[in-house]
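*Asks:* Take this structure first; my questions come after.
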Amino acid sequence: FKLNLSSEDLSNIITDVIQRCQPQIEESQVTVSTVYDPDLPLLKIDRQRLEQVFTNLIINATQAMLNSGQYPEERELSLQTSITPVPEETAPQKAGRPEEVTITIADTGPGIPADARQQIFEPFFTTKARGTGLGLTVARRIIEEHKGTIKIDSDEGKGTRFVITLPIQREATS
């Protein structure tokens, strides 16, 4: 598929998705917190596709916390954005270190078992009774189409963290 790129404010996109997911968030009795980097530049991204990724991750997290039978006061979802330098091994020395945006979506759910973590992005792999197993496969593809990465970090019994990075294309200033 082709991306429909435009200059977008990532914080606005995440805020809109949280608003749209409000019914599921309330039903799951999840507390949401956000921390946005105030210096985030506009990104050349496909707004609709990224909304799809964030919606998927937020809904997955709220469902995981609800289904784990945790008490509502333990159900927390945090979304954070920051600007980080690109690690040197992935970006050889260029004039001025390139930067990327890191989006972290973390929950206090049951975590994902190690064996499931290996397969989580594979098509048709699901741990849900009525899941298709395509949500995270599609999410990864969308992030990769944006030249970004999506990684999972999960501790059983403590929660799951998805870390997404997206490149920043700064306008050349002369």
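*Asks:* Figure the gain on full extension for Gln119 and Leu40 (residue separation times 0.36 nm, minus the Cα-Cα span) and round it to one decimal in nm. Walk me through the numbers on the way to the answer.
*Replies:* Working: separation 79, 0.36 × 79 = 28.44 nm, distance 3.23 nm.
Here the segment from Gln119 to Leu40 would lengthen by 25.2 nm.
*Asks:* Lys128: which lysines have alpha carbons under 21 Å from its alpha carbon, excluding same-chain residues fewer than 8 sequence positions away?
*Replies:* Lys151, Lys158
*Asks:* Let me ask you something else. Can you tell me the relative contact order of the chain? Whole percent, Cα pairs under 8 Å, sequence separation 6 or more.
*Replies:* 22 percent
*Asks:* Now for a separate question. Among Pro123, Pro87, Pro41, which one shows the highest mean-square fluctuation when the chain is modelled as a Gaussian network with alpha-carbon springs under 10 Å?
*Replies:* Top of the fluctuation ranking is Pro87.
*Asks:* Let me ask something else about it. Among the lysines, which fall within straight-line cross-link reach of Lys2, defined as a Cα-Cα distance under 22 Å, with same-chain neighbours fewer than 8 residues apart omitted?
*Replies:* Partners within reach: Lys44, Lys147.
*Asks:* With the full set of protein chains in place, find how many percent of the accessible area of region 5-63 is carbon and sulfur; take the probe as 1.4 Å. Can you show the working numbers first?
*Replies:* Details: 1340 of 2940 Å².
Taking all protein chains in place, region 5-63 shows 45 percent carbon and sulfur surface.
*Asks:* Here's another thing I want to ask about it. Per the helix-only calculation at 222 nm, which mean residue ellipticity applies to the chain, given -39500 (n - 2.57) for every DSSP H run of n ≥ 4 and division by its residues, nearest 500 deg cm²/dmol?
*Replies:* On the way: 5 runs with 55 residues, N = 174.
Counting only the DSSP helices, I get -9500 deg cm²/dmol.
*Asks:* So, one more: Quick one: check the C-alpha center-to-center distance for region 109-174 versus region 1-62, whole angstrom.
*Replies:* 14 Å
*Asks:* Which is the longest part of the chain that has none of the GluC sites (Glu not before Pro) sitting in a DSSP loop with at most 16 other Cβ atoms within 10 Å?
*Replies:* Working: sites that count: Glu88, Glu89, Glu156, Glu171.
Answer - 1-87.
*Asks:* By DSSP, what percent of the beta bridges with both residues in region 13-160 are antiparallel, rounded to the nearest 5?
*Replies:* Numbers: 12 of 17 bridges.
Percentage antiparallel, nearest 5: 70.
*Asks:* Give the residue list of chymotrypsin sites (Phe, Trp or Tyr not before Pro) in region 1-69 that are DSSP loop and have at most 16 other beta-carbon atoms within 10 angstrom.
*Replies:* On the way: sites: Phe1, Tyr36, Phe54; in loops: Phe1, Tyr36.
Qualifying residues, ordered by number: Phe1.
*Asks:* Right, something else. Using the basic label-point model (7 angstrom from Cα toward the beta carbon), what is the Ile152 to Lys2 distance in nanometres?
*Replies:* Placing both labels 7 Å beyond Cα along the Cβ direction yields 3.3 nm.
The values are calculated or read from the model by the stated rules, or taken from the named source; none is laboratory data. Bear in mind the structure is a predicted one, so any value in this text is a computation, not a measurement. Positions of Cβ are generated from backbone atoms using ideal geometry, with glycine treated the same way; all protein chains shown enter the neighbour counts. Accessible surface is based on the protein model in full, side chains and every heavy atom, while ligands, DNA and RNA are left aside. Shrake-Rupley method; radii C 1.70, N 1.55, O 1.52, S 1.80 Å.
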